[in-house]
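Since the structure comes first, as structure tokens, the remarks are kept for the end.
The values are calculated or read from the model by the stated rules, or taken from the named source; none is laboratory data. It should be emphasised that the depicted structure is a prediction, and the values quoted were computed from it without experimental measurement. Counting neighbours? That spans all protein chains shown, and the Cβs are built from the backbone with ideal geometry, glycine included. With ligands, DNA and RNA removed, areas are computed over all heavy atoms of the protein, side chains included. Shrake-Rupley method; radii C 1.70, N 1.55, O 1.52, S 1.80 Å.
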Amino acid sequence: MTLVDSLRTRTEGRRGTLVIIALFAALFLYPVVLPFAIYEQGVLLLAFLTALMAVSWNIVSGYAGYVSLGHSVFLGLGAYTGGLLAEKYQVNPLWFMPLGGLVAFVVATLVGMVVLRARGHAFVIITIALLLSMQVLVTNFPSITNGSNGVNVPLPFWSSDYQNMPFYYLFLVLLLATVAFAAWIRRTKFGTGLLAIREDEDKAAAIGVNTTRYKVLAYAVSAVPIGVAGVVYAYFLSFLNPVGAFALLTSVTIVLSALAGGRGTLWGPVLGGFVVSIVSEVANVYGGGSQSRLLVLGLALVLVVLFLPQGILPAVAARIARRQAAKKTVEYTDQTGVATKRTPIVVTPRSAPQAERTPAPLLEIRGAAKSFGGLRAVDGVDLTVEAGSITALIGPNGSGKTTLFNLVTGAMPVGAGEIWFDGTRIDRLPAWDRAHLGLGRTFQTTRLFKSMTVLENVVAPLPTASWGLMAKDAVSGHEAERARELLDFVGLGRFGDQQAGALSYGQQKLVELAQVLMLEPKMILLDEPAGGINPTLINRMVEIIRDLNRQGIAFLVVEHNIPLVLDLCDPVAVLSRGKIIAQGPPSIVRADPAVLEAYLGPEWLPAEPVPGAVLDQAALSAKGS
Amino acid sequence: MTQLVQALVLGLLIGGVYALMASGLTLIFGVMNIINVAHGALLILVAFITWKTWSVTGIDPILLSIVMTPVMFGLGWALYKGVLSRISGTSPGMSVLLTFGIAITIEGVLNVTAGNRFRSATPSYFSQSYRVFGISLPKAQVYGCLAAVLVLGLLYLVLSRTWTGRAIRATAQNASGAALVGIQSAGVAALAFAIGTATTGVGGSVLSVLYPFFPASHYDWISRLLGIIVLGGMGSLAGALVGALILGLAETLTATYGSLQWSTLIFYAVIMIVLLFRPQGLFGSRLRQDVMA
């Protein structure tokens, strides 16, 4: 794959690529054509640096959605690393560029490992705190850093005739390298995982994405280009002090650039970096000096968030797409295509070699309990799912079915009890490890990554925890082929390139199933597979479940459609008020008085006991509630 | 021994002021899930206005908070209605960026109007102290802490004893549930933001006496206050109180036995250690999130 290809993304298209190539060719030629435009070169090289930092920031804050407000700390770290060593040994600082990147990487990894384990807001706060702490730290260690007196970096080795031209090219090349790096990340499994985290972190964990590792790594790699550039920056400035090197204003510029250009896109932050640097320079020159620059940047940030939250590039792309869409004839998708075009497939669960063995417990839940405050949602459940079975879990609303699912898949920690899966105790493992063991689930309301295509959704799951897998292309080769097969298998092969959010609810349920199959699961937990979808699709869902079961995959199904459960599943377990009250073959469970009471309340008694038809009615009224 | 008691007492006095400043921040986060990065800038804004008024009229800076509180309540209300409500419902990341923008705008305005240098309000009692059992209590610290305790007490009464307070707490716990029982969540959000901002009226006035400040001081303040609520558990008032006292004590103890310049770093180190063992903070709760959607 050529560099140009790798820099192309879906948003920009072919004409966009030509514009970008022409622009960068012009930037490369500019100092050759106008060697004496020294001021302009100075403005441009700082724009390259800003763009570079915005592109790096975008990896953690755009792709993964974790906003860092102190990203300039890595510029300072790189600058001080290069500057101090160069001053001490009186050598050319550029030798320390790799070291600057490494220092940034290590610091980001350490901080990330502490604050990125939990979800939520601690990260954004610690990023500001980190920047300010570094300022204090560098000021307070005068023996090493020379404190607030600053560092004198050796002067450039080249003749002063060249002015800043070498810096201009250095920053330009670094910028292009950073863009290529960000583009490569976006294409890999790692990149898809980051988008998955941004869209739905729990879901990402459920399909095998080690969210902690991904987030920490995203933060760490987003620091590297800035750390490298920091060394060059130190050389360029030739003097460093703590407040200047670890400046919050630089962070503001980074955030504003990425946001204005288009957070999450590849070229948006580059565009934003250019626009913001040049606007801020203009404001500086014509707007009353650096005092007002802050005011302009602050107001710009407020206005961009309020009126252009998606950024310039996506806004322009959307406008072009609308204009092109108007010319095309609309192609409607239909249910008949879904119902008829289905290809058979061999799905090999990872337990296949042992599939011959006699039924043995695959999943064992022993005394599992979970309370929310005073509410005991799951209250000492014992449940076993045999290998190769389709086990149903039914029960009235609020009886604890979904909570039990969450305990089994690791979306929530158990309060008490043990869960064993295929000979391994899993109740303390994170969700992704359980997915890697071959435990897949679907959700009650579908949770696809709506901004990704259907195909990207299906290839997103990670069946193993291997580091090498993360660097693989997300949509290519064997896996993409496999994903297409699975989509064909659920009858949605035609929709691979559609946005997942554009599909109907029932279709999304099928895509979610295909997604889980990518994990090559031994067992799948289905949360209301037939809820809210039409009868044709229900039949197809049943067909698919039977198909998969014949190939050795066990199922645990939560479902309110009782006729379907009694037809499809054996055994059936009934959960009521957090406890299993009945378990056994469908014919026995449906006549169990305790089950009837759980569904219909203690006052209700049948005029004459009709074993069989009763639970079906009960289910109907339960569904209505 | 006296030295230790002195440090502890001073730490608690400072901690009380921190608690007041952080309470508004944690209230806003609890109700709206917004990290108001502009909270520090609002404090500095109040400090500037207080300082200016004091230097022109000579009115006591801490007393001025009686005027500044309603003013900031109004400003908070206007900020919410005019700016923040426009992005309600989008990702929390956007609200961070928006309030960050507001903070920088305020800093920019102060830079342009008030100039970029250190100020401090120095009323007559500025350098005086009470002496109790051989311990010296700087008058300014005592008055500041008293004002803070008074406002915190009022805040507690409003939240626990009034319908408004209950509506605010209900919205903080479950916004859609509160809406179902007839609470207008938009109105409550505006009210909570206004109350949270009103606390900067007192906090900023006290700040103007206790600490020298300049426009960019707000970064320092916001990271301290955010540190407090991360340590205590985001959204928890009790957590903010405990976090603030820990910060106050960490500061005075490091200043007494080490050097003042390390005190903030020690505090951040404490935060990192706490987060290592309790990612949700000291008082933070992990509620079920599966039924929210």
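What the table below lists for this structure:
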read-out: Among (1) modelled with pLDDT of 85 or more; (2) more than 12 Å from every other protein chain (Cβ to nearest Cβ), the one test that B:TYR257 misses; value: (1)
read-out: Filtered residues of segment A:358-379 (kept if in contact with a Lys or Arg (Cβ under 9 Å, 6 or more places away or on another chain) and surrounded by fewer than 16 Cβ atoms within 10 Å (Cβ to Cβ)); value: A:PHE372
read-out: Those residues of segment A:551-565 which are open to solvent by 10 Å² or more (accessible area, probe 1.4 Å) and in contact (Cβ under 8 Å) with a residue 40 or more places away in the chain, in sequence order; value: A:GLN551, A:GLY552, A:HIS560, A:ASN561, A:PRO563
read-out: Evaluation of A:PRO430 against (1) modelled with pLDDT under 85; (2) surrounded by fewer than 22 Cβ atoms within 10 Å (Cβ to Cβ); (3) of a type outside the set (Val, Ile, Thr) (one fails), failing number; value: (1)
read-out: Failed condition for B:ALA186, given (1) more than 19 Å from B:ILE34 (Cα to Cα); (2) open to solvent by 50 Å² or more (accessible area, probe 1.4 Å); (3) of a type in the set (A, V, I, L, M, F, W, C); value: (1)
read-out: Residues of segment A:443-495 satisfying the condition of being small (Gly, Ala, Ser) and touching a residue at least 12 places away in the same chain (Cβ under 8 Å); value: A:SER451, A:ALA460, A:ALA465, A:ALA471, A:ALA474, A:ALA480, A:ALA483, A:GLY491, A:GLY493
read-out: Number of the condition not met by A:PHE449 [criteria: (1) under 18 Å from A:ALA204 (Cα atoms); (2) out of contact with any strand residue (DSSP E or B) (no Cβ under 9 Å at 6 or more places or on another chain); (3) surrounded by fewer than 21 Cβ atoms within 10 Å (Cβ to Cβ)]; value: (3)
read-out: Among the candidates A:ALA47, A:ALA54, A:ALA86, residue that is among the small types (Gly, Ala, Ser), at pLDDT below 90 and open to solvent by less than 20 Å² (accessible area, probe 1.4 Å); value: A:ALA86
read-out: Entirely in segment B:86-188, the helices (runs of 4 or more DSSP H) that have 3 or more residues that are within 12 Å of chain A (Cβ to nearest Cβ); value: B:92-114
read-out: Selection count where residues are part of a helix (DSSP H, G or I), within 14 Å of chain A (Cβ to nearest Cβ) and not aliphatic (A, V, I, L, M), scope segment B:199-232; value: 9
read-out: Close pairs from segment B:263-275: first within 7 Å of chain A (Cβ to nearest Cβ), partner crowded, with 18+ Cβ neighbours inside 10 Å and not in a helix (DSSP H, G or I), Cβ under 9 Å, at least 6 apart; value: B:LEU275/B:GLY281
read-out: Boolean, A:ALA86 is touching a Pro at 6+ places or on another chain (Cβ under 7 Å) and assigned by TED's automatic domain parsing to the domain that holds A:LEU172; value: yes
read-out: Subset tally (residues that are exposed (fewer than 15 other Cβ atoms within 10 Å of the Cβ) and not hydroxyl-bearing (Ser, Thr, Tyr)) for segment A:532-550; value: 7
read-out: Failed item in (1) more than 9 Å from chain A (Cβ to nearest Cβ); (2) assigned to a helix (DSSP H, G or I); (3) open to solvent by 40 Å² or more (accessible area, probe 1.4 Å), with B:PHE283 passing the rest; value: (2)
read-out: Subset of segment B:158-175 that is of a type in the set (S, T, N, Q) and over 12 Å from B:LEU191 (Cβ atoms) - its residue that is most open to solvent (accessible area, probe 1.4 Å); value: B:GLN173
read-out: Residue check for B:LEU45: of a type in the set (A, V, I, L, M) and open to solvent by 40 Å² or more (accessible area, probe 1.4 Å); value: no
read-out: Residue match in segment A:66-86 (condition: within 14 Å of chain B (Cβ to nearest Cβ), on the phi > 0 side of the Ramachandran plot and of a type in the set (Gly, Ala, Ser)); value: no
